[in-house]
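Data block below; observations after.
The values are calculated or read from the model by the stated rules, or taken from the named source; none is laboratory data. Predicted, not measured: the structure shown is a model, and the values here were computed from it. Virtual Cβ from ideal backbone geometry, glycine too; neighbours counted across all protein chains shown.
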Amino acid sequence: MRSVLVTGSTGFIGRHLVQVLARQGIHVRALVRTSAQAELARSLGASAVDGALDDEAALGAAAAGVDTIFHLAGLTRARNEKAFRKVNALGVQNLARCAPPGAHFVLVSSLAAAGPGTPEHPRGEGDVTEPVSAYGRSKRAGELLLWEEMRFGSLGAATVLRPPMVYGPHDRNVTSLIAAVAKGTALLPAGRERWFSYAFGPDLAEAIATAGADRRARGLTLNVASKEPVSHGELITAMAAAVGREPRRLKIPNMLTLLAAAGGTCAGLLLRRPPILTLDKRREVLAPGWVADASRFHDLFPGSFETSLKEGMALTAAWAHSEGLLPGAKRA
């Protein structure tokens with residue numbers, strides 16, 4: 001039986017991945033930091049192993065004997081660039097150095113590591129990377145450190161996957177936007193229409209598992225996303241259909257987003273929990289688009305990402321309703 005290690009196993013994408021691997025009859029070890037995470041990992045079909053990305057002894061024990069490491073753990077919000085780098089870059093390096101000789105290391109990075117793209121100029125894997133935020137720079141640094149360990153360490157192979165915007169059951173970010181639409185309001189940045197590549201969480205988990213098992217993905221950086229991008233307006237339309245309500249669509253002036261981001265940045269200096277919107281994050285929000293050229297992945301693995309946006313949003317809204325996250329809903 002194959003044995004794999006999954007980090008970030010109790011996060012949004014990680015829990016879907018653990019379930020996919022378990023259904024395939026693969027023995028899954030889940031790296032966890034708390035008893036609550038351990039309990040959840042076991043409920044998903046994994047065996048829980050205590051450890052953190054800065055504890056090399058624990059990482060070595062967790063990775064011993066596995067043939068594949070799926071590294072999903074990371075920070076999407078942090079107080080500063082140093083904190084991002086500690087987890088999203090140095091965490092990759094620490095784990096790669098603890099991998100068994102010959103293991104395949106699958107790093108789930110982000111399109112933010114590559115930079116923005118538009119329908120006219122989608123961001124390809126071979127393009128010059130242009131991250132616009134501390135988060136994106138830390139994810140790119142993690143990619144580079146992995147390839148360095150691949151060249152000079154004992155890893156057998158490595159694959160870097162770059163998902164774009166991801167949504168689905170257990171995601172809280174897009175769910176908060178769906179909840180706003182259900183309340184009757186949708187906020188859009190001012191200016192030209194922005195376009196996005198997207199991935200439905202369960203579909204992305206299937207893609208990650210596939211890339212981890214197929215030798216053709218080894219040594220590659222792959223964008224993993226839907227074939228066609230979607231506009232911000234179309235996203236809202238799909239959310240509206242999922243909750244049965246057409247919201248007011250309000251354009252937010254750039255100056256207002258600047259003030260909100262400045263306020264978030266200041267609050268972040270005083271609060272322990274990093275804010276959602278900062279001046280740094282605003283650069284991602286106001287980027288011209290986040291469109292990826294995922295043709296290489298689709299050529300290798302046709303039939304991936306088949307869940308339509310309409311169907312995916314409906315499933316996400318149904319989950320949010322069952323969790324009491326939508327207006328008037330009570331947790332089931």
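Within the stretch 193-222, the set of residues being among the acidic types (Asp, Glu) and crowded, with 18+ Cβ neighbours inside 10 Å comprises 203, 206.
Has the stretch 282-290 got at least one residue that is under 24 Å from residue 211 (Cβ atoms), crowded, with 18+ Cβ neighbours inside 10 Å and not polar (S, T, N, Q)? The answer is yes; a qualifying residue exists. The C-beta contact set for the stretch 215-226 (first residue closer than 15 Å to residue 68 by Cα, second residue part of a helix (DSSP H, G or I), distance under 6 angstrom, 6+ apart or interchain) comprises 216/300; 217/211.
So which of 73, 96 ends up being over 18 Å from the mean Cα position of the chain (by Cα), buried (at least 21 other Cβ atoms within 10 Å of the Cβ) and closer than 21 Å to residue 58 by Cα? Talk me through it step by step, then tell me what you get.
Numbers: 73 fails: over 18 Å from the mean Cα position of the chain (by Cα).
From the options 73, 96, the qualifying one is 96.
Within the bounds of the stretch 191-214, is there any residue that is out of contact with any strand residue (DSSP E or B) (no Cβ under 7 Å at 6 or more places or on another chain) and closer than 25 Å to residue 281 by Cα?
Looking only at the stretch 191-214, we keep the residues that are out of contact with any strand residue (DSSP E or B) (no Cβ under 7 Å at 6 or more places or on another chain), and these are 191-192, 202-203, 205-207, 209-210, 213-214.
Narrowing the set further to residues that are closer than 25 Å to residue 281 by Cα leaves 191-192.
Checking the stretch 191-214: at least one residue is out of contact with any strand residue (DSSP E or B) (no Cβ under 7 Å at 6 or more places or on another chain) and closer than 25 Å to residue 281 by Cα.
Within the stretch 39-54, the set of residues being surrounded by fewer than 16 Cβ atoms within 10 Å (Cβ to Cβ) and either assigned to a loop (DSSP other than H, G, I, E, B) or hydrophobic (A, V, I, L, M, F, W, C) (or both) comprises 54 only.
Screening the candidates 30, 61 for the property of being assigned to a helix (DSSP H, G or I) and either among the hydrophobic types (A, V, I, L, M, F, W, C) or over 17 Å from residue 99 (Cβ atoms) (or both) yields one hit, 61.
Could you please find all residues in the stretch 149-182 being of a type in the set (Lys, Arg) and at pLDDT 95 or above?
To start, the set of residues in the stretch 149-182 that are of a type in the set (Lys, Arg) comprises 151, 162, 172.
Within the stretch 149-182, 162 is the sole residue that qualifies.
Would you say residue 225 is hydrophobic (A, V, I, L, M, F, W, C), surrounded by fewer than 20 Cβ atoms within 10 Å (Cβ to Cβ) and closer than 22 Å to residue 301 by Cβ? Criteria not met by residue 225. Selection of first residues in the stretch 1-21 that are in a loop (DSSP other than H, G, I, E, B) and of second residues that are crowded, with 20+ Cβ neighbours inside 10 Å and among the polar types (S, T, N, Q), restricted to Cβ pairs under 9 Å at least 6 apart or on distinct chains, gives the following pairs, ordered by first then second residue: 2/68.
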